[in-house]
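*Asks:* The structure is given below, and queries will be raised subsequently.
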There are 2 protein chains.
Amino acid sequence: DRCCREVGARERTYTHSQRGRLGETRTNLKIIKKINQAIEKKTPFYSFEYFPPKTPDGLSNLYDRIARMGEWHPIFVDITWGAGGSTAGLSFDIAKTIQNLTGLETMMHLTCLGMGREEMVQVLATTRQKGIQNILALRGDPPRDRSPETVDEFRYAIELVRFIRELHGDFFGICVAAYPEGHSKDNSYEQELSFLKEKVDAGADFIVTQLVFDVDIFLRFLDDCRHVGIDCPILPGLMPIHNYRSFSQISRFAASIPKAIVEQVERLKDDDQSIKDYGVEVLSQMVRRLYDEGVPGVHFYTLNLEQVVTRTLQCLHVNTEKQPRALPWERSASARREGEDVRPIFWSNRPKSYLARTMDWDEFPNGRWGDSRSPAFGEPSDYYLARPQVAPASASHEAELRTEKDVFEIFTRFCLGVVRALPWFEGSLALESDLIRSHLVSLNRHGFLTLNSQPMVNGAPSDDAVFGWGGSGGYVYQKAYVEFFVSGRRIEALLEALKTRPSMTYQAIDAQNHSFTNCSQVNAVTWGVFPGREIIQPTVVDPVSFQVWKDEAFSYWLRPWAEQYPEQSEARMLLQHIHDNYFLVNIVENDFVKGDLWGFCEQLVAQMGASD
Amino acid sequence: DRCCREVGARERTYTHSQRGRLGETRTNLKIIKKINQAIEKKTPFYSFEYFPPKTPDGLSNLYDRIARMGEWHPIFVDITWGAGGSTAGLSFDIAKTIQNLTGLETMMHLTCLGMGREEMVQVLATTRQKGIQNILALRGDPPRDRSPETVDEFRYAIELVRFIRELHGDFFGICVAAYPEGHSKDNSYEQELSFLKEKVDAGADFIVTQLVFDVDIFLRFLDDCRHVGIDCPILPGLMPIHNYRSFSQISRFAASIPKAIVEQVERLKDDDQSIKDYGVEVLSQMVRRLYDEGVPGVHFYTLNLEQVVTRTLQCLHVNTEKQPRALPWERSASARREGEDVRPIFWSNRPKSYLARTMDWDEFPNGRWGDSRSPAFGEPSDYYLARPQVAPASASHEAELRTEKDVFEIFTRFCLGVVRALPWFEGSLALESDLIRSHLVSLNRHGFLTLNSQPMVNGAPSDDAVFGWGGSGGYVYQKAYVEFFVSGRRIEALLEALKTRPSMTYQAIDAQNHSFTNCSQVNAVTWGVFPGREIIQPTVVDPVSFQVWKDEAFSYWLRPWAEQYPEQSEARMLLQHIHDNYFLVNIVENDFVKGDLWGFCEQLVAQMGASD
């Protein structure tokens, strides 16, 4: 069996709390657990490796790329670490950010040569504190500026593996590297196999190999590993051929490359597109053969490039179907956010902004939304990830931005999917908006500029295609919700209308903090009831965090939107006027059985839309 | 206005957290807040005063008495404190116990003469730590064994009031005493009024007077208070005439007693019952007159006696109607339990036992039931309050206790209300059991000895007469639940039957800890959804606390039940056999929409009842 001898045998026990988590849908797993699950279900898998880019722009692009590639559901991603920790800070940041902002399980490289024990204690504590739970334990190359007298406190990866296990027990998942064609000139192939066996015995969970271009060599190595009793999963490391330059650089210190490949790349060297096409062909063949031979998964050295890998996955007809949602919002993979199961609704269209704001929290709300947490919100501007995209509306509609009606029209067209982006949305409208889209269009057309909304749901099955989350067997609920900007001129009439609806709670506030509300407590607006579980209420309307969101929401009128226009231009003054004079309003219809928020909205439109 | 000049003006602001509490139904109020609410609603009120009894039996009786009298909903109860703190420990314990075990707001007397400042710092810290939030601040009499050279660090009650406010801000509610006919021979009536004004200005919330037998004197005093600017509530202290002895003792140092009363008591001195009847007559007249004159409430010095006070309240046609429930279980008045809104279902028929076990907890679950809390359960035997009553079944049915069927019959008759008590129940079956009583009878008759159950509720209005809690405007839910003892011979068949019902979760365990379960997590079985609130889930089935409950539940077979019979008697051996061989089982039907727990139970009975 090329898989591994005992599926599950190497899976370590979790000792930290698992309460409050939904059964099958836990995201915060150590990688070995996910691998074993995939092996058990006979689902072939793959992972992506990235390196820290050299520039801030490169980093920003990398995050976008990782997010896009994340939709292919790699079983994990890993982030390299320069020799002697030269990119340590950046590697940490990237791993932490990915782990936090995405549901992707993240592994961080860690090299030990040149590191002191005390320093390593610190690095491991930081890793753990940052919520990173998987480490690729490497020896690493000696740093270039190393003095020859240096006495190494860690000489081999196995010492690092032992050190991690000694200090942190089973907290970390540990991967180690292997060299299918041997590594050092000083040791025989057999000796290296036996060293590898020792590394695994010391506590490594699985193995990733160095570059493999020749599948036969890998398969022989795999058999040899099994023969000496290495029974954990072993993933071959595959490097896509992206272009001539990178291939020829890598091939110099890579292992055996079949002659046919080298020759073909040489032949295509001046044709970038053909090389990429060839790269897809080679990679697809290799992966298909490996899977066919019973290798459960492969590891892609992406070199931070996207195309060849994703085209290969397309060729392999990999299923990118969405998994059932564990919660209405996408869970972060950070170990620190493990207990998190409540968020304020306000950022539901800007989850990255929310994650960026809360990245430095030490605890996350579990079960109840504590007011105490709100002052801990960070500034979104601290994190370039949270920066909204420029509203493309601005370019194509500049000429039209003269009156408030022009702005209404942009929001209306966003609802209809014609305008593709607004700064308040990281993506487009959610699927469940389809049900209320006509109401939203009507609201926006009449100057109620909607940012967020959800329809009422009274006990839908938890595996409902639109509203479901948390797996099957439960029931999910929603209170109808709408949030919009509306002109200050209409606020009084709006408050009057709200008086006729005692089951509704609302908050209204303008940029100068004039505010109106009939509710000062936290209101659960999405919840689910599951067999054998406590009630889960993943989405709340929280008056205190509304204050934080409001500052962010108002700011987008000015930046990025107004700032795109010349000072004193009509468009810029219009957007400044809206910023200064509109209210941000949210309304919850608390009666999720008999309520009628959308009827109320239509009434508002009929009453006020015309009068304006 | 004899009420007070500004209702609400003296109500101090709460600074500690109020989150997670249900609007109108908060139980943990400082007394002044409750008084102001009653004044605002024009609801006359009264309070009861008790003193620490001298014997453990007296104490046990007092608790029962306070609980019974508590059904008359006094606005608060207070506990006296011997001179110089001579009963301090006991007063503390009683106040803490009442505050914890009942929903009654409790005030503790505190005298300062003879106390040092450091000692007082400690006493106040203990008071606060014990969850007592109301203090009657008194000067007190000098302790008897007091040396004449003693220099008093506190000389007057006003110094205590200031000290409390200085150290604890507005945490404590503070009451002070007044003397409608003057107190000291050294001071004029006017001087005393002005001292009283100073006490109030120093931070007292309201006033209770010394014994009043002459309503006119009190009313004059009240007017004089208002005249000098004392505008807080002033409650006249009334002493019921219980019997000749206590009356004549008290009357010696009490204020003016109308001659007619003294003469009438003298006349009836040898007729205890007539004196009591007369006591009810006098007290009713006084209270009625005081209420009529606009006095909002009165304070009864009960002398730990019950009859005259409760008969007086009957005469006054006081409404003892149950308040709408804030939660499915009765809230404790302890400030420390303020956030508590989740409890395991197991003790729902033995709430005092639960409260006694958890009296020493520092934190109470709010929103989520943490496993971590369970090991903190105390032993119920530590608290005599938690001791179950002797099963009266034993006396009347001794002859019948030969076979298990005889035990089944006792449980069945308990369900039917014929047998009045079983050790697993502090009272009789809850109202909502009516709906499933026929199923319970059928279960018990066939050897499924039920301890606890609730029917399924799918979104009843929260003001529903039977299932409602938390006030109006919300929806409440329940998963159907049943818990029973059943013979170990039937366990396999029961588990087989349960396999056919995937929506049910269960736990089964015997006294030797053989156990079966399909659910290791906390399961919410009662929850409510309210406007503008987070979801509340006050009742859960928790596997860890089930272990604690199970020990208690099994123990009752032996003590008090079996132990009532002679050793080697048939009855005792039968009960021991049941203890040793039965399983305690709980079953939750998680599908609260389409589930059918009672159908399943009937099926069990049909299948197994006959086979036995």
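*Asks:* Within region A:464-477, track down each residue that is open to solvent by 10 Å² or more (accessible area, probe 1.4 Å) and either more than 23 Å from the chain's Cα centre (by Cα) or within 11 Å of chain B (Cβ to nearest Cβ) (or both).
*Replies:* Answer for region A:464-477, where residues must be open to solvent by 10 Å² or more (accessible area, probe 1.4 Å) and either more than 23 Å from the chain's Cα centre (by Cα) or within 11 Å of chain B (Cβ to nearest Cβ) (or both): A:Asp464, A:Ser472, A:Gly473, A:Tyr475.
*Asks:* Any residue at all in region A:172-181 that's among the acidic types (Asp, Glu), in a loop (DSSP other than H, G, I, E, B) and within 20 Å of A:Leu290 (Cα to Cα)?
*Replies:* Scanning region A:172-181, I find at least one residue that is among the acidic types (Asp, Glu), in a loop (DSSP other than H, G, I, E, B) and within 20 Å of A:Leu290 (Cα to Cα), so the answer is yes.
*Asks:* What tally of residues in region B:96-140 results from selecting those that are among the charged types (D, E, K, R), part of a loop (DSSP other than H, G, I, E, B) and within 29 Å of B:Ala326 (Cβ to Cβ)?
*Replies:* 2
*Asks:* Name the residues in region B:551-572 that are of a type in the set (Asp, Glu) and farther than 24 Å from B:Asn586 by Cα, would you?
*Replies:* B:Glu563, B:Glu567, B:Glu570 - these are the residues of region B:551-572 that are of a type in the set (Asp, Glu) and farther than 24 Å from B:Asn586 by Cα.
*Asks:* Looking at region B:334-373 only, could you name the residues that are more than 13 Å from chain A (Cβ to nearest Cβ), touching a residue at least 60 places away in the same chain (Cβ under 8 Å) and of a type in the set (Asp, Glu)?
*Replies:* Matches in region B:334-373: B:Glu338 only.
*Asks:* Limited to region A:560-573, what total is found for residues that are open to solvent by 20 Å² or more (accessible area, probe 1.4 Å) and modelled with pLDDT of 90 or more?
*Replies:* 7
*Asks:* From the list A:Leu574, A:Leu558, exactly one residue is touching a helix residue (DSSP H, G or I) at 6+ places or on another chain (Cβ under 6 Å) and of a type outside the set (Phe, Trp, Tyr). Which is it?
*Replies:* Within the list A:Leu574, A:Leu558, the selection yields A:Leu558.
*Asks:* Can you tell me which residues in region B:273-320 are in contact with a His (Cβ under 9 Å, 6 or more places away or on another chain) and charged (D, E, K, R)?
*Replies:* Matches in region B:273-320: B:Lys276 only.
*Asks:* Now, a different point. Determine which member of the set B:Lys499, B:Lys479 is of a type in the set (Lys, Arg) and within 24 Å of A:Gly367 (Cα to Cα).
*Replies:* Sole residue among the options that is of a type in the set (Lys, Arg) and within 24 Å of A:Gly367 (Cα to Cα): B:Lys479.
*Asks:* Please work out which one of (1) of a type outside the set (A, V, I, L, M); (2) within 30 Å of A:Ala606 (Cα to Cα); (3) open to solvent by less than 20 Å² (accessible area, probe 1.4 Å); (4) modelled with pLDDT of 70 or more is the condition A:Gly370 fails and give its number.
*Replies:* Against the list (1) of a type outside the set (A, V, I, L, M); (2) within 30 Å of A:Ala606 (Cα to Cα); (3) open to solvent by less than 20 Å² (accessible area, probe 1.4 Å); (4) modelled with pLDDT of 70 or more, A:Gly370 comes up short only on (2).
*Asks:* Report, by residue number, each residue of region B:277-307 that is touching a strand residue (DSSP E or B) at 6+ places or on another chain (Cβ under 9 Å) and assigned to a helix (DSSP H, G or I).
*Replies:* B:Leu283, B:Met286, B:Val287, B:Leu290, B:Tyr291
*Asks:* A further question on this structure: Among the residues that make up region B:333-344, is at least one of them more than 30 Å from B:Pro53 (Cβ to Cβ), among the acidic types (Asp, Glu) and outside any loop (DSSP other than H, G, I, E, B)?
*Replies:* No; the residues of region B:333-344 include none that is more than 30 Å from B:Pro53 (Cβ to Cβ), among the acidic types (Asp, Glu) and outside any loop (DSSP other than H, G, I, E, B).
*Asks:* Which of the following residues is of a type in the set (A, V, I, L, M) and either modelled with pLDDT under 95 or open to solvent by 10 Å² or more (accessible area, probe 1.4 Å) (or both): A:Val593, A:Val585?
*Replies:* The match here is A:Val593.
The values are calculated or read from the model by the stated rules, or taken from the named source; none is laboratory data. What you are looking at is a predicted structure, and each value in this text was computed from that prediction instead of being measured. Ideal geometry is used to build each Cβ from the backbone, glycine not excepted, and the neighbour counts take in all protein chains shown. In case anyone asks, the SASA skips ligands and DNA or RNA and just uses the protein heavy atoms, side chains included. Shrake-Rupley method; radii C 1.70, N 1.55, O 1.52, S 1.80 Å.
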